[in-house]
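What follows draws every value from the coordinates through simple rules; no lab data is involved. In this text, all values refer to a predicted model and were calculated from it rather than measured experimentally. Cβ coordinates were reconstructed from backbone atoms using ideal geometry, including for glycine residues, and neighbour counts include every protein chain displayed.
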Amino acid sequence: MFGLNKIIPVEPNINFLGLRRNFLIFSILAMLISIVLLSIKGLNLGIDFKGGTLIEVSTKNTSIGELREILSSSYSDVSLQEFGNENIILIRLQNKSNQESIETVNSVKNLIQDKVVEFRRSEFVGPTISSELLFRGFQAVSFALIAILIYIWLRFEWQFGFGAVVALTHDVLFTLGLLSILNVEFSLATIAAILTIAGYSINDTVVIFDRVRENLRKYKKLELVDLFNLSVNNTLSRTIMTSLTTLLALVSLFIFGGEVIRPFALTMIIGVIIGTYSSVFIAVPTLLIFKFRPQDEDD
Amino acid sequence: MKNYPIWKSFTVISLVLLGIIFAIPSIIYDENSENWFLKNKINLGLDLQGGSYLLLEVQLDVLYKEELDNFVDSVRLISRDQTVKIEKIDIKENEVVVFFSNKEKIKNIRDDFFQMYRGVTLQIISNKLSIQLNDEYRKIIQDSAIKQSLEIVRKRIDESGTKEPLIQRSGKKRILLQLPGVKDPERIKDLLGKTAKLTFHIVDSDSISALQNNLAPFGKIIVPDMYDENTKYLLDKRAVVGGENLVDAKGSFDQTEGHAVSFRFDTEGAQKFGKVTTNNIGKNLAVVLDGVVITAPRISSAITGGSGIITGNFNAQEASDLAVLLRAGALPAPLEIVEERSVGAGLGADSIAAGQIAAIIGMVLVCVFMILIYGTFGALANVSLIVNLFIIISLLGTIGATLTLPGIAGIVLTIGMAVDANVLIFERIKEESLKQTKVFQIVKNGFDRAMSTILDANITTLIAAVLLFAFGSGPIRGFSITLSLGVIASMFTALMLTNFLVYVYLSFANKKELKL
């Protein structure tokens, strides 16, 4: 066997919790900045949540500038963007009413007909639908968070649940903040990514908490800080391995999966990194707030 | 093989074989196969095979308003019968308030009215009668309108020649349409954009002044011409006969009039039409479609055969589309398109290709990584990972799930996450190997200890996936399906298949010690 895993010691002894104050300050700052960004700059809402019309075309012998010139003479709120390569162009329009947009799609198609090889897709989301989708998205995220917490609460002591909430809130806020800075399009797929990140981050946290609980039973005399450190160290190679394999798959999706899926892959990549970080540096230290040793009560 | 029960080996091997066999139809993917086995393939979502998704909203407000108008007409008729004078009528959003000149017969009017419209809320306040559309009454209107709309939409789509459309009610007042293979839904949208309410009315040429003042007297309506908004007709409000009495309509060509639509009435329609044309020779008969007059020819002789033609400035396509609409029948209320997503076959094919490449490269990266880290055990985990992929594909195929672009993303993500269970097990084995030397005991403990962690960790992911399915729509559901199936399959492959493979390997390699 040529297992490289021998590089990572079986019982590493890294003092993760020693630096907890620094990480805590970093994370609190990150969350505050995220909140400020979200309230001032906001997210780059795609048509799913903002409503409007989107047309993707592949062109021949035409520059994006030429198309822009043709369209902007008829529409003041049109925006064009190259999508993946210079021959594929996304056209976005904001429409007020449902009826208007149907006519818009037709007239846009007529205006640029002779420059276009193929109309690859056209999407239109009316104002009522976009606000419904946004509402349902938030509903899904909140219910998922609540359901996950209930599960943690049933399987562990409530203190662990608290640690998980803190870590989850951190992950979601931090990810949203980065999406805002990077101007990543926020769509239905992004909501799916956020939910998956929540699941993933909790998954990571649960594995470490499982070990904390086991060690609490095993080492009754150990200082809590040392016990938590030990638990993180015990699970460290798993934490790293799983994050790496997941990131490998996601990077492959990001690079090769096509333009449409790219924002989803990017959001997931960001989320997996933040989720892994928070499991170790946020979720576990949060447990220190409680001077608990559930086993002591049982004895 | 010692330490491993035979029944367990048998179960694992058969499940793996089933997983691989049932993945075959989706891998071959013969689109038109009628073979019972090959038919169990994955359905491609509209975003992958190309097609149109439309969400239509039935404009119920129009219906409620129409009903309020009906109330007004009926109240006028009843009060005329009862010889009570109406002073004023207020039409509000959900209510009609009628002011009578005296309150003596108001109760009779109320009772007569109730005979016609059971279920409305009626209230008398001194000389006022208030007629309200209550929630129940509105719900009855709503339900019948949606049901009727669904039926008409289905007929129109069928007539348009679209293959395998999906048409279903969505929520309270919406209709969801999935049209695979329809790249450009303009024609469909045209077909659905008209209510196609056809009525025939006698033209009133006597009251020219009403037309000049643009004020229709009771029992009459003013309707503009289809081709010229400024030309208006004064018509009897009551239709002679309507589209509901049509049994057939076809696009036809007339030597003098050009493209036209020929139609035929049922017996009742033919009788009505015959009677009216007999009694009104010399007058004009207006053909009204969705609130505009298409044509208003003079009745030169009685038409008793029950058939006729409608002429207008049609071209061949318009005439045949109108015939389709008339055959399918009128929508009870207009439909508004509130969401549309159309994907061309080109983009769909590109997405599939990109998804496949991403999945293969992701798979190779993860496999290489696992071998680098865990050596032989990594290779065993890779076998599980590949089988895992087969199982996802076969489950998707056999339950008839739809694979979407986010669904492909879910599969790629699963490739990365599925090895987690194996990693958890291997790490436990590694720890156990420090504590003792008995090879099979180490493996057994490793699997046992990792079990509860694997369950806890995967259930949280499943919770997120299930809620995503419950609240998500369309393509996103595809993601939650592949993610859930992937998570479930990965638990099986890690706890059963990897377990089996590790035992097989250790038995044959005859290892005396285990150092992971």
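Below is a table of values for the structure above.
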quantity: Protection proxy ranking, peptides B:81-88, B:349-356, average beta carbon neighbours within 10 Å, highest first; calculated: B:349-356, B:81-88
quantity: Chain A: relative contact order as a whole-number percent, Cα under 8 Å and 6+ apart; calculated: 26 percent
quantity: For chain B, the spread of Cα positions along each principal axis, largest first, Å; calculated: 111, 64, 37
quantity: Semi-axes of the equivalent ellipsoid for the range A:138-219, Cα gyration tensor, largest first, Å; calculated: 28, 13, 9
quantity: Burial order of peptide ranges B:334-344, B:198-208, B:155-165 (average beta-carbon count within 10 Å, highest first); calculated: B:334-344, B:198-208, B:155-165
quantity: Peptide A:48-60 - average C-beta neighbours from other chains (10 Å radius); calculated: 1
quantity: Chain lengthening between B:Y117 and B:A316 when straightened (0.36 nm per residue, less Cα-Cα); calculated: 67.3 nm
quantity: Share of alpha-carbon pairs per 5 Å distance bin for the range B:61-136, given as whole %; calculated: 3, 17, 32, 27, 14, 5, 1
quantity: q = 0.08, 0.09, 0.10, 0.16 Å⁻¹, the range A:122-277: log10 I(q)/I(0) [Debye, one scatterer per Cα]; calculated: -0.28, -0.35, -0.43, -0.95
quantity: Cα pair distances of the range A:52-125 binned at 10 Å [whole percent]; calculated: 20, 60, 19, 1
quantity: For chain B, calculated [θ]222 nm from helices alone, where every DSSP H run of n ≥ 4 adds -39500 (n - 2.57); calculated: -17500 deg cm²/dmol
quantity: Three principal axis lengths of the range B:379-516 [C-alpha, angstrom, descending]; calculated: 54, 26, 19
quantity: Geometric extent, Cα atoms of the range B:397-456 - Rg, Dmax (angstrom); calculated: 16.6, 49
quantity: P(r) weight above 26 Å for chain A, C-alpha pairs, percent; calculated: 56 percent
quantity: Spacing of the two label points (7 Å from each Cα toward its C-beta) at A:S76 and A:I28, in nm; calculated: 4.8 nm
quantity: At 1.306 mPa s and 10 °C, Stokes diffusion of the range B:310-465 via Kirkwood alpha-carbon radius, µm² per second; calculated: 78 µm²/s
quantity: Under 17 Å from the B:I309 label point (7 Å along Cα→beta-carbon), backbone N, the range B:232-267; calculated: B:248-265
quantity: FRET efficiency for B:K105 and B:A210, using Cβ-Cβ distance with R0 set to 30 Å, rounded to 0.05; calculated: 0.50
quantity: Rounded FRET efficiency, nearest 0.05, which uses the C-beta distance separating A:K60 from B:F37 and R0 of 56 Å; calculated: 0.80
quantity: Inter-label distance, nm, simple model (7 Å from Cα along the C-beta direction), B:E513/B:A353; calculated: 5.4 nm
quantity: B:N127-B:E244 FRET efficiency (beta carbon distance; Förster radius 30 Å; 0.05 resolution); calculated: 0.20
quantity: Label zone at A:V117 (point 7 Å along Cα-to-Cβ), backbone N below 18 Å, the range B:351-373; calculated: B:351-354
quantity: Cα-centre dipole for chain B with unit charges at Cβ (Lys and Arg positive, Asp and Glu negative), debye to 20; calculated: 1660 debye
quantity: Of the trypsin sites (Lys or Arg not before Pro) in the range A:21-71, those whose Cβ has at most 13 other Cβ within 10 Å and which sit in DSSP loop; calculated: A:K41, A:K60
quantity: Those trypsin sites (Lys or Arg not before Pro) in the range B:363-441 that DSSP places in a loop and that have at most 16 other beta carbons within 10 Å; calculated: B:K438
quantity: Separation of the B:I281 and A:L19 label points, Cα + 7 Å toward Cβ, nm; calculated: 10.4 nm
quantity: Calculated over the range A:216-299: convex hull of Cα atoms, volume per residue (Å³); calculated: 98 Å³
quantity: Base-10 log of normalised Debye intensity for the range B:79-199 (one unit scatterer per alpha-carbon) at q = 0.11, 0.12, 0.14, 0.20 Å⁻¹; calculated: -0.59, -0.65, -0.74, -1.05
quantity: 20 °C / 1.002 mPa s Stokes-Einstein diffusion coefficient of the range B:220-315, Kirkwood radius on C-alpha pairs, µm²/s; calculated: 153 µm²/s
quantity: Relative contact order of the range B:197-313, defined on C-alpha pairs under 8 angstrom at six or more residues apart (%); calculated: 29 percent
quantity: Taking only Cα atoms of the range B:258-303, radius of gyration then Dmax in Å; calculated: 11.4, 29
quantity: Sorted peptide list for A:135-142, A:278-285, B:365-372, B:7-14, criterion being average Cβ within 10 angstrom, highest first; calculated: A:278-285, B:365-372, A:135-142, B:7-14
quantity: Inter-chain Cβ neighbour average for residues A:203-209, partner chain, 10 Å; calculated: 5
quantity: Global geometry of the protein assembly as shown, whether rounded, prolate or oblate, following the gyration tensor of its Cα atoms and the 1.5 cut on a/c; calculated: prolate
quantity: Span-like helix ranges in chain B, DSSP H, alpha carbon extent 20 angstrom or more, Kyte mean at least 0.0; calculated: B:6-21, B:345-374, B:376-398, B:405-435, B:439-471, B:475-492
quantity: Radius of gyration, Dmax [the range B:329-421; alpha carbons; angstrom]; calculated: 19.4, 70
